[in-house]
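S.K.: Quick one: structure below, then a few questions.
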Amino acid sequence: MDKMETLEEFYKRKFDWMPDNIKNEIGHFSLFRLEPYVEGKPTNIPYKRRDFYKIMLVKGHIQVHFADKVVEIKKQALSFSNPQIPYKWEHLDKIREGIYCIFNQHFFHQFGQLNQYEVFQPNGTHIFELSHEQAHHVNEIFERMAKEFNSDYKYKYDAIRNQIFELLHFALKMQPSDNIEKPSLNASQRISTLFTELLERQFPIDDLHPAVQLRSASDFADRLNVHVNHLNRAVKESTQKTTTQIISDHAIIEEKPIATPDKITKKRTLGSGKYSMEVTALGLGCMGMSYHRGHIPDRKVSIALIRKAVELGVTLFDTAEVYGPLTNEELVGEALVPLRKDVFISTKFGFAIENGKMAGLNSRPDHIREVVGQSLKRLRTDYIDLSYQHRVDPNVPIEDVAGTVKDLIKEGKVRRFGLSEAGAETIRKANAVQPLTVVQSEYSLMWKKPEEAVLPALEELGIGFIPFSPMCRGYLTGMLNEQTKFYAPNDNRAALPRFTPESRRLNRPIVEALIDFGHQRGLTPTQVALTWLLGKKNWIVPIPGTTKLAHLNEKLATAELKFTSEEMRELDNAIAKITIHGDRYTGEEQRRVERLWGSVRQKAESRVLLRRG
């Protein structure tokens, strides 16, 4: 399957000429009669997407191939094609008659959104079998359209738009035939075959240095116009391999590595004054390489990925004592020891660990010192660039915690102080003792509580912000659905209310919103979510995690992206209409979070009332 066919390419292929009005400010429209069958002349249209709309009345015995189905036309039909859906026409007999019009979205600028109609939507009905009477009626509309098109009437294009809507509503009023659009009996095999063909075209034999555009399962699914989970199931069923495995294996066989983005160069400053730090616009969260994200990758693979991230320009790497526990710090330390001078390492204290398991909170000063000393050894370094209190300990005054870290900074063991999941009041108290560089908290399109009081406080105090779980633990990637199975021994999502099968099903609208928003801009849901975060404040640095190079490349590409203020409002408004289902945490941890963010909201409301008073 080749790239999307443009209007220019269509005219060159069909007629070897270019109309003068193809770049017309009113948009482009044209109308043609289908060429009759000629012996020996190809009659099939190749499988691809076109960047224009097409409505056609066609006669003959034809099969129309989509990614997951084949539609058979036995006599005559009315068809609707759009830029989102790739297709292929195959004529099965010598009858080849019809008339069709093509136009682009700009032709309907200020006259409505075509993609709101089912005939132009990916899951809608696109082909309507017609009776002789219906075909006669549709042909009359086309003939009137042709007459207008060839006339000198000043407002002829307004009349043509009305005739297009007449065709559209004629189709919408029809009851789709029971036997016209039905899934192929071997849909999985068809999707797998199309995927393989598309993969092969990524590595043309006559190109020694191909620009590989499709790097992930999501990229291929988007090009084939099927959901990524549908593609993954089809490929697995047909080949017994995962889509990602096949992509990687093919790249290795061809000895042509999947293209990587340019080195990330965009920097952001976290904090202010002597405790500030300048880092890349995105960091790398390393937790999932050892903890809470399913099967643990081979250690050598994770070390290579961390070092590759440094090669790609990433300067901030996040870990914690409790990740593993302990093993993630060891992994990060081993990976970064030869590159230590080029990076910032952040880690965390604040939990008690007993018998290799987390055993409650502990931020007593003597314990903080003990943990920092052990972390230095595991990280193979003489200093920690950024040391966080992982969770606020209600049994230890925050002033004592900040004072202990202040002493560690004077001793040269720690260089900067941060808090994780802290409320605005706690932030102010800690900052008064030892200036904070960063506060870390979950923040994503699925959880925006920090906007109420924490972010305003940070902006006031000159403190940076690092969102963890910017993809809501992978859900916003679009790769998870209610059928996804988590590896319970090392994946905390298996127990989280937000990740029950029911919650995953009910939360699907937010993923669909990201897919729709991104599709118009050539972005994946992951890239939409991260670009949104980066657009909130220039002192926000997300730390998405991954265990795969393809996903790292996908995420780092967002450092160069920026939404306009109108796009940010559009996305915020779309998400605001969606109800999020399921709590972030379970049990006591969720109650602690509710107490924290409940107090945050109350204090924010109190300050508003005082200002008004």
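The values are calculated or read from the model by the stated rules, or taken from the named source; none is laboratory data. What you are looking at is a predicted structure, and each value in this text was computed from that prediction instead of being measured. Here Cβ is always computed from backbone atoms with ideal geometry, including for glycine, and neighbour counts include all displayed protein chains. To get the accessible areas, we keep the full protein, side chains included, count just its heavy atoms, and leave off ligands, DNA and RNA. Shrake-Rupley method; radii C 1.70, N 1.55, O 1.52, S 1.80 Å.
S.K.: Averaging over every viewing direction, what projected area does the convex hull of the Cα atoms of the range 368-451 cover, in nm²?
M.R.: With every direction weighted equally, the projected area is 6.1 nm².
S.K.: Rounded, prolate or oblate: which fits the range 325-470 when a ≥ b ≥ c are the square roots of the eigenvalues of the alpha-carbon gyration tensor, with rounded for a/c under 1.5 and prolate only if a/b beats b/c?
M.R.: rounded
S.K.: Let me ask something else about it. Only loop residues by DSSP count here, and only those with at most 16 other Cβ atoms within 10 Å; note down the trypsin sites (Lys or Arg not before Pro) in the range 492-528 that meet that.
M.R.: Loop-located and lightly packed - 521.
S.K.: How much length is gained on full extension from residue 357 to residue 140, taking 0.36 nm per residue of separation minus their Cα-Cα distance?
M.R.: 70.5 nm
S.K.: Would you rank 506, 34 by solvent-accessible area, highest first, keeping every protein chain in place and using a 1.4 Å probe?
M.R.: 506, 34
S.K.: Using 16 Å as the cut-off for backbone N distance, which residues of the range 381-423 belong to the label zone defined by a point 7 Å from the Cα of residue 274 along Cα→Cβ?
M.R.: 403, 405-417
S.K.: Let me ask another. When Rg is the radius of gyration of the Cα atoms in the range 58-106 and Rh is its Kirkwood radius, what does Rg/Rh come to? Write down the numbers at each step before the final one.
M.R.: Numbers: Rg = 11.7 Å, Rh = 11.9 Å.
Value, to two decimals: 0.98.
S.K.: Using only the Cα atoms of the range 426-580, each taken as one equal point scatterer with no solvent, compute I(q) by the Debye sum, divide by I(0), and report log10 of the ratio at q = 0.09, 0.10 Å⁻¹.
M.R.: Each listed q maps to, in turn, -0.31, -0.39.
S.K.: Compute from the Cα atoms of the range 512-577 the Rg and the Dmax, the latter being the longest Cα-Cα distance, and quote both in angstrom.
M.R.: Every Cα atom of the range 512-577 included, Rg and Dmax give 11.8, 34 Å.
S.K.: Using a 1.4 Å probe, how large is the accessible area of residue 382, given in Å² and rounded to the nearest 10?
M.R.: The accessible area comes out at roughly 130 Å².
S.K.: How would 120, 351 line up by accessible area, probe 1.4 Å, largest first?
M.R.: Result, largest first: 351, 120.
S.K.: Here is a follow-up. Sorted by accessible area with a 1.4 angstrom probe, largest first, how do 471, 479 fall?
M.R.: 479, 471
S.K.: Over 10 Å intervals from 0, what percent of Cα-Cα pairs in the range 127-168 sits in each interval?
M.R.: Spelled out bin by bin, the range 127-168 gives 29, 48, 20, 3 percent.
S.K.: Of the GluC sites (Glu not before Pro) in the range 341-435, which ones lie in a loop per DSSP and count no more than 12 other C-beta atoms within 10 Å?
M.R.: 411
S.K.: Between the alpha-carbon centers of the range 447-517 and the range 128-145, tell me the distance in whole angstrom.
M.R.: Between the Cα centres of the range 447-517 and the range 128-145 lies a distance of 50 Å.
S.K.: For the range 80-152, which trypsin sites (Lys or Arg not before Pro) pass both filters: DSSP loop (anything but H, G, I, E, B) and at most 14 other C-beta atoms within 10 Å?
M.R.: 94
S.K.: For residue 570 and residue 490 in the same chain, what is the full-extension length gain: residue separation times 0.36 nm, less their Cα-Cα distance, in nm?
M.R.: Result: 25.1 nm gained on full extension.
S.K.: Run the 1.4 Å probe and let me know the accessible area of residue 390, rounded to the nearest 10 Å².
M.R.: Accessible area, nearest 10 Å²: 10 Å².
S.K.: Accessible surface of residue 569 in the full protein assembly, 1.4 angstrom probe, to the nearest 10 Å²?
M.R.: Answer for residue 569: close to 130 Å² accessible.
S.K.: Just need the Rg to Rh number for the range 388-510, please, alpha carbons only, Kirkwood Rh.
M.R.: Ratio value, two decimals: 1.08.
S.K.: Another question, then. Tabulate in residue order the Karplus-calculated ³J(HN,Hα) for the range 287-294, using 6.51 cos²θ - 1.76 cosθ + 1.60 with θ = phi - 60°, rounded to whole Hz; enter x for Gly and Pro.
M.R.: Computed from phi, the couplings for the range 287-294 are 3, x, 6, 9, 8, 6, 9, x Hz.
S.K.: Holding the Cα-Cα limit at 30 Å, pick out from 54/75; 54/485; 88/562; 88/173; 267/406; 54/173 the pairs that are longer than that.
M.R.: 54/485; 88/562
S.K.: May I pose another question? Show me 54-60, 272-278, 76-82 ranked by packing, highest mean number of other Cβ atoms within 10 Å first.
M.R.: Answer by packing, highest mean first, reads 76-82, 54-60, 272-278.
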